[in-house]
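*Asks:* Please read through the structure below; I'll follow up with questions.
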Amino acid sequence: MTATTRRLLRAALVPVAASLVLSACGSSDDSNDSSAASADGSFSVSTDDCTDPSVVTKKITDTISLGYSAPLSGPVAGVAELAIEGYKARIAEANAAGGIDGVKIDIKYLDDAFQPDKAKANATQFIEKDKVDLLSTFGSGPLGAMADDAAAACVPFMYPSSSDDTYRKIEDYPWIVEYLPSASSETDFLVKYIQSKVTNPAEADAFEASAKAAGLTITKVADDTDPTAAATTLKSAGVDVVYHAGVVGSCGAFDGARERVDYHPTLVVAASNCADATEYVSAGAGSDGVTIAKYLEDTSDPALATNPNVVNYHKVVAGVKDPDNTVTQSGYMQADLLVNTLTQAAKSSSGLTRESIIQAARDQDYDSPLLIDGITWKATATRPAGVSGFQAVAWNAKEKKFVVSGDVIAID
């Protein structure tokens with residue numbers, strides 16, 4: 001999502017007030033029919049329209065090259081830095097262990113300043129000059145700018161940090177596998193979570209009905225470009241529950257604004273990418289109780305201090321700026337998903353190729369080390385890749401950390 005995209009705070013009928021419409025940035029109805037499920041249910045993709053089909057099926061034997069267009073400068077550079085540190089650490093771990101059957105992973109980063117036009121220029125360089133095997137990026141705006149060029153060249157777009165449902169349409173974008181939870185999957189979870197907080201059965205039934213197709217009866221929509229104005233608008237409307245479709249790097253501003261105007265809804269739920277602890281700390285008391293959908297373990301939790309996965313994680317990311325920040329963890333997991341996918345592709349009958357990599361990415365039920373118990377990373381020929389569930393966690397302003405606020409809820 002670009003920095004200029006409108007971010008909405010939505011609220012439904014009081015007292016069951018919430019919206020589960022997340023920050024997806026568009027949709028597409030065009031289908032190129034370039035992918036399909038095979039007779040055995042596995043994923044297959046056509047290479048007929050690729051710029052050079054022979055490259056797509058050629059075995060990768062030297063290095064696996066990935067071009068990463070990232071906001072190394074600009075409005076979200078600080079947040080991106082955390083993610084990239086986690087990403088680099090996991091890739092370094094894999095390479096130190098011998099790579100993928102001896103093939104090392106080489107990442108090249110180019111700055112796009114979170115601007116789509118720069119991301120598109122980066123894609124051109126990665127594809128035409130650097131001849132990369134894979135691509136990735138940070139944000140739905142840059143992804144959208146790079147998507148068509150990647151599709152034409154049939155370069156797998158591996159786990160970009162994006163939540164745009166547009167690119168989860170497998171038949172339209174078979175070469176893109178996003179990382180961040182989709183709007184629809186978070187909606188499914190939040191419907192169930194908010195419904196669990198409704199004590200009146202009649203209200204619960206009404207909420208479930210109104211939440212059909214990932215929506216609610218909306219009574220007020222506020223643009224959070226001006227957080228204070230948004231908070232004032234929703235306060236005046238008497239909204240009890242708010243959903244904040246925030247963008248990472250700007251999520252906490254609304255919570256701080258609510259505190260300034262003395263607006264304290266019964267429940268505030270936010271998008272899962274609103275997970276940067278530093279934002280909540282800056283927002284102060286206004287952030288207390290804000291609930292997000294979480295799928296990564298809290299690596300700072302003393303109860304997990306001896307957990308082998310957490311111990312290894314801290315070993316791998318030793319020296320990074322903020323290892324226990326969810327954004328750092330997300331970068332690590334994105335790279336871990338990549339390593340697992342490449343490993344799976346290398347074991348296929350075709351060996352390591354662009355085609356086998358995207359096929360492996362569409363065939364996953366992976367218990368990634370940092371996922372909360374009971375959640376896996378799933379993908380099939382017909383199910384877009386993503387986590388299998390979420391756990392609600394609420395920000396505790398006094399303790400300056402998220403605390404568990406509910407059990408894991410499966411979304412499929």
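A short reminder: the numbers here are calculations on the coordinates, not readings from a lab. These figures come from a predicted structure and were not determined experimentally. Cβ atoms come from the backbone with ideal geometry, glycine included; neighbour counts cover every protein chain shown.
*Asks:* What order do you get for L82, L180, L304 when you list them from fewest to most C-beta neighbours inside 10 Å?
*Replies:* L304, L82, L180
*Asks:* Can you flag which of K104/K321; K321/K400; K192/K315; K118/K400 are past 27 Å Cα-Cα?
*Replies:* Beyond 27 Å between Cα atoms: K192/K315; K118/K400.
*Asks:* Show me 150-156, 363-369, 52-58 ranked by packing, highest mean number of other Cβ atoms within 10 Å first.
*Replies:* Highest-to-lowest ranking by the protection proxy: 150-156, 363-369, 52-58.
*Asks:* Ranked from highest to lowest mean number of other Cβ atoms within 10 Å per residue, what is the order of the peptides 233-244, 137-148?
*Replies:* 137-148, 233-244
*Asks:* Hey, fewest Cβ within 10 Å first, where do F43, F254 land in order? It would help to have the intermediate numbers written out before the result.
*Replies:* Details: F43 20, F254 30.
The order, fewest Cβ neighbours first, is F43, F254.
*Asks:* T278 versus D49, label points 7 Å from Cα toward the beta carbon: distance in nm?
*Replies:* My value for the distance between the label points is 4.2 nm.
*Asks:* In nm, to one decimal, how far is the modelled label at D226 from the one at A318, with both set 7 Å along Cα→Cβ?
*Replies:* Placing both labels 7 Å along Cα→Cβ, they lie 5.2 nm apart.
*Asks:* Here is a follow-up. Classify segment 110-194 as rounded, prolate or oblate from the Cα gyration tensor: take a ≥ b ≥ c as the square roots of its eigenvalues, call it rounded if a/c is under 1.5, otherwise prolate when a/b beats b/c and oblate if not.
*Replies:* Prolate, because a/c is 1.5 or more and a/b exceeds b/c.
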